[in-house]
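Enquirer: I'd like to ask some things about the structure below.
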Amino acid sequence: LANRKYKPEGTIIEVGSIPIGGNNLTIIAGPCAVESKERLFKTAEVVKQMGAQILRGGAYKPRTSPYSFQGLEEEGLKILAQAREEFDLPIVTEATSPENADIVAQYADIIQIGTRNMQNFELLKKVGKLGKPVLLKRGMSATIEDWLNAAEYILSFGNFQIILCERGIRTIERLTRNTLDLTAIPLIKDLSHLPVIVDPSHGTGLREKVIPMARAAVACGADGITVEVHHEPDKALSDGPQSLYPDQFRKLMNDLEIISVLT
Ligand code: PEP
Ligand code: MN
């Protein structure tokens, strides 16, 4: 069902009034995690003003260390919902288990499946049944075939609202957090009708490399990007080193506008 032959014209997903796919370039921005109402609102205000169309922020955080900030959970979801009202931005946030998928679906406009859960088949079946748009991130060690099979799980339950997200894979390289596989973008465009976006933040782990890779993502045909932005990255509770400063995000938005006209 993920195969392009089922929908040669390509899938466009409508999130409120925001289309993802087709000839649209969709910008998702926000902090790695919801840290407090005050902080989320500050970042949301900045990204909205600079042209982001969707707000991101994790409430359930799948952290590598159990001692790192784990997210505000339902409290975080409530803050996201308040930000949606205040700034008129749809929200995307992660579900980390079949158990929290229901509550995430109550608040989110798009349910994110993170890299660590790309092959959590019970979670995939669950979001297949929930019928809400899903942002399916590529597993850090997943082939493109594995990734499309993960999408197939969701599709097989009748949920066709899937946005694929390349976020970097594990390679021998250690100077970056992950290796962003941009070849995946034109490959997916051939193989599947699903929209595909790029996450240059987790894809590099390095703030200064986010802008060039986001530009490259749009130039090679991505339907959008999801990028971590924080109003005070140096004080972020997670992923500060890869979060853009507001001024960098402004510059990125300008650059992408120019590139999208050319592509
Ligand atoms: C995220 O987007 O907040 C995240 C945890 O990403 P990933 O699953 O790609 O590491
Ligand atoms: Mn993050």
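Read-outs: derived from the displayed coordinates by stated rules, not from any lab. All figures in this text were calculated on a predicted structure; none of them were measured in a lab. Backbone-built Cβ (ideal geometry, glycine too); neighbour counts: all protein chains shown.
Enquirer: How many residues does the stretch 189-213 contain that are closer than 25 Å to residue 147 by Cα, more than 12 Å from ligand 1 (Cβ to nearest atom) and among the aliphatic types (A, V, I, L, M)?
Expert: Total satisfying the criteria: 6.
Per-residue answers, yes or no, for (1) of a type in the set (Lys, Arg); (2) closer than 21 Å to residue 256 by Cα; (3) under 14 Å from the mean Cα position of the chain (by Cα):
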{"site": "9", "(1), (2), (3)": "no, no, no"}
{"site": "22", "(1), (2), (3)": "no, yes, no"}
{"site": "42", "(1), (2), (3)": "yes, no, no"}
{"site": "47", "(1), (2), (3)": "no, yes, no"}
{"site": "56", "(1), (2), (3)": "yes, yes, yes"}
{"site": "63", "(1), (2), (3)": "yes, no, no"}
{"site": "68", "(1), (2), (3)": "no, no, no"}
{"site": "78", "(1), (2), (3)": "yes, no, no"}
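Enquirer: Quick one: which of 235, 209 is touching a Lys or Arg at 6+ places or on another chain (Cβ under 9 Å) and surrounded by fewer than 21 Cβ atoms within 10 Å (Cβ to Cβ)? Step through it out loud before you land on a result.
Expert: On the way: 209 fails: touching a Lys or Arg at 6+ places or on another chain (Cβ under 9 Å).
The conditions single out 235.
Enquirer: Confirm whether residue 26 is surrounded by fewer than 24 Cβ atoms within 10 Å (Cβ to Cβ) and either within 24 Å of residue 216 (Cβ to Cβ) or in contact (Cβ under 8 Å) with a residue 12 or more places away in the chain (or both).
Expert: Details: surrounded by fewer than 24 Cβ atoms within 10 Å (Cβ to Cβ): yes; either within 24 Å of residue 216 (Cβ to Cβ) or in contact (Cβ under 8 Å) with a residue 12 or more places away in the chain (or both): yes.
Yes, satisfied.
Enquirer: I'd like the residue in the stretch 91-126 that is within 16 Å of ligand 2 (Cβ to nearest atom), surrounded by 20 or more Cβ atoms within 10 Å (Cβ to Cβ) and not β-branched (Val, Ile, Thr) and, out of all such residues, is farthest from residue 179 (Cα to Cα).
Expert: Going through the qualifying residues, I end up with 95.
Enquirer: Oh, and also: When you go through 223, 239, 255 one by one, which is the residue that is closer than 16 Å to residue 52 by Cα and in contact (Cβ under 8 Å) with a residue 60 or more places away in the chain?
Expert: Values: 239 fails: closer than 16 Å to residue 52 by Cα; 255 fails: in contact (Cβ under 8 Å) with a residue 60 or more places away in the chain.
When all the criteria are applied, what remains is 223.
Enquirer: Please go through the stretch 214-234 and pick out each residue that is under 22 Å from residue 23 (Cβ atoms), part of a helix (DSSP H, G or I) and within 16 Å of ligand 1 (Cβ to nearest atom). So that I can check it myself, show each step before the final result.
Expert: So in the stretch 214-234, the residues under 22 Å from residue 23 (Cβ atoms) come out as 214-227.
Then keep just the ones that are part of a helix (DSSP H, G or I); that gives 214-219.
Residues satisfying the conditions are 214, 217.
Enquirer: Given the criterion away from ligand 1 (no atom under 15 Å from the Cβ) and surrounded by fewer than 21 Cβ atoms within 10 Å (Cβ to Cβ), identify the matching residue among 133, 186.
Expert: Values: 133 fails: surrounded by fewer than 21 Cβ atoms within 10 Å (Cβ to Cβ).
Of the residues listed, the single one that is away from ligand 1 (no atom under 15 Å from the Cβ) and surrounded by fewer than 21 Cβ atoms within 10 Å (Cβ to Cβ) is 186.
Enquirer: Kindly indicate the residue of the stretch 165-213 that is part of a helix (DSSP H, G or I), over 17 Å from the mean Cα position of the chain (by Cα) and touching a residue at least 24 places away in the same chain (Cβ under 8 Å) and also nearest to ligand 2 (Cβ to nearest atom) among those meeting that condition. I'd like the intermediate steps shown before the answer.
Expert: Filtering the stretch 165-213 down to residues part of a helix (DSSP H, G or I) leaves 184-191, 200-204, 207-213.
Pick out the ones that are also over 17 Å from the mean Cα position of the chain (by Cα) and you get 186-187, 189-191, 208-209, 212.
After this cut, where a residue has to be touching a residue at least 24 places away in the same chain (Cβ under 8 Å) as well, the list is 186-187, 189-191, 209.
On the way: 186: 26, 187: 25, 189: 26, 190: 29, 191: 27, 209: 15 Å.
So, considering only residues that are part of a helix (DSSP H, G or I), over 17 Å from the mean Cα position of the chain (by Cα) and touching a residue at least 24 places away in the same chain (Cβ under 8 Å), the one nearest to ligand 2 (Cβ to nearest atom) is 209.
Enquirer: Okay, next question. Filter the stretch 137-164 down to residues that are within 10 Å of ligand 1 (Cβ to nearest atom) and not in a strand (DSSP E or B) and give me whichever is surrounded by the most Cβ atoms within 10 Å (Cβ to Cβ). Give the derivation first.
Expert: Narrowing the stretch 137-164 to residues within 10 Å of ligand 1 (Cβ to nearest atom): 137-140.
Remaining after also requiring not in a strand (DSSP E or B): 138-140.
Values: 138: 27, 139: 21, 140: 18.
The qualifying residue surrounded by the most Cβ atoms within 10 Å (Cβ to Cβ) is 138.
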